[in-house]
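Report on the following structure.
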């Protein structure tokens, strides 16, 4: 079985057990539908190992760059992207704040007003604010880190389930290497380098 994101086994096991029960009861159409749900859950909750493609600030999320300014990048994660988020640089978690909000689709510009976790990381190059923003579906944000944790560049810091967006600040002295419309991979794509 593929490596699954932390705290995801229940999302995978329930459809598997339900499909097995429906097959045992010879409810084939229901069994096939629930088996398809199982396959989707395994695909959605996958958590592949990643290696940075070079030195610099690493993408914290898989997806499509929807904002790329000198001080902020936003990445939209659709259903086919890996939804595990990673730290862009090494540092120490200064704070984690859960903020209530709306549930607009994550690809819209207004999604910055959605429910989110804001993780502030003190890095050797300055402070980074990383927002895990929920979308309109299940709206579950899982954060793996707490204040005081020391984290490495590319280390897993959380996950957002079923439609989401990640926004993060760029420290002073860094130059973007991505543009709006680029596809990026968490823990692998370099999004900024020291100028």
Between residue 118 and residue 43, what is the label-to-label distance in nm when each label sits 7 Å out along the Cα-to-Cβ direction? 3.6
Enter the angle in degrees (range 0 to 90, nearest 10) between the Cα long axis of helix 9-24 and the first principal axis of the Cα atoms of the chain, meaning the one along which they spread out most. 20
Spin-label model distance (nm) - residue 195 vs residue 90, 7 Å beyond Cα toward Cβ: 2.5
Please determine, in degrees from 0 to 90 and to the nearest 10, the orientation of helix 28-44 with respect to the longest principal axis defined by the Cα atoms of the chain, where the helix direction is its Cα long axis. 20
Once fully extended, how much extra length lies between residue 152 and residue 28, figured as 0.36 nm per residue of separation less the alpha-carbon to alpha-carbon distance? 39.9 nm
Which value in deg cm²/dmol, rounded to the nearest 500, describes the helix-derived mean residue ellipticity at 222 nm for the chain, given -39,500 (n - 2.57) per DSSP H run of n ≥ 4 and division by the residue count? -5500 deg cm²/dmol
Can you give me the distance in nm between label points at residue 125 and residue 16, each placed 7 Å from the Cα along the Cα-to-Cβ direction? 4.0
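Any read-out appearing in this document is the output of simple, stated calculations on the displayed coordinates, not a laboratory observation. Note that the structure is predicted; figures quoted are calculated from it, not measured. Reconstructed Cβ throughout: ideal geometry from the backbone, glycine too, with neighbour counts over all protein chains shown.
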